[in-house]
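Below: the structure, in structure tokens.
The values are calculated or read from the model by the stated rules, or taken from the named source; none is laboratory data. Given the structure is predicted, the values throughout are model-derived calculations rather than measurements. Note: ideal-geometry Cβ built from the backbone for every residue, glycine included; neighbour counts use all protein chains shown.
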Amino acid sequence: MIAKNFIITSLQKRISKEELSGFILYLFGSSSRSNDFSDIDLLIVYDENLISVKSAILFRNKIFCCLKENCNTIIDICLLSKSENNQTYFSEKENAIELTLFNL
């Protein structure tokens, strides 16, 4: 899939393995199912026991900037704590695909 490969390649250049610690990235929406999409939908889930809300927001902003500089498609990023994702089943309901940037 074009969006998945673009995201992984773009982020591997700018995000370190250490920065990813405590975060899980997901792709969902039309960009996860097809090469014909109008936007890119990402979900960032952070472990609230390891990551502060402020740090999670800064990480989200970095992800957005990394992707936006190489893409003119609309990028929407949802940010949820691990407990919020578990309570709402968001990633499951959206059939989100976990993105693996590095083999950890």
Handout entry: Residue satisfying all of: in segment 88-98; over 21 Å from I51 (Cβ atoms) and touching a residue at least 24 places away in the same chain (Cβ under 8 Å); surrounded by the fewest Cβ atoms within 10 Å (Cβ to Cβ) among these
Key = N95
Handout entry: Conditions (1) in contact with a strand residue (DSSP E or B) (Cβ under 6 Å, 6 or more places away or on another chain); (2) at pLDDT 90 or above; (3) closer than 17 Å to F102 by Cα; number of the one not met by K4
Key = (2)
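Can you pull out every residue in segment 88-104 that is outside any strand (DSSP E or B) and closer than 24 Å to R33 by Cβ? Write out each step before concluding.
Filtering segment 88-104 down to residues outside any strand (DSSP E or B) leaves 88-96, 100-104.
Matches in segment 88-104: T88, Y89, F90, S91, E92, K93, E94, N95, A96, T100, L101.
Kindly provide the set of residues from segment 58-104 that are over 12 Å from the mean Cα position of the chain (by Cα) and among the β-branched types (V, I, T), ordered by number.
T73, I74, T88
If you scan segment 14-55, which residues turn out to be in contact with a Cys (Cβ under 8 Å, 6 or more places away or on another chain) and part of a helix (DSSP H, G or I)? So that I can check it myself, show each step before the final result.
Step one: filter segment 14-55 for residues in contact with a Cys (Cβ under 8 Å, 6 or more places away or on another chain), giving 14-15, 40-44.
Passing the criteria: only R14.
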Practice task
Being surrounded by 12 or more Cβ atoms within 10 Å (Cβ to Cβ), free of Cβ contacts under 8 Å to residues at least 60 places away in the same chain and part of a helix (DSSP H, G or I) is the filter here, so list the residues in segment 62-87 that pass it.
Solution key: K62, I63, F64, C66, K68, K82, S83, E84, N85, N86
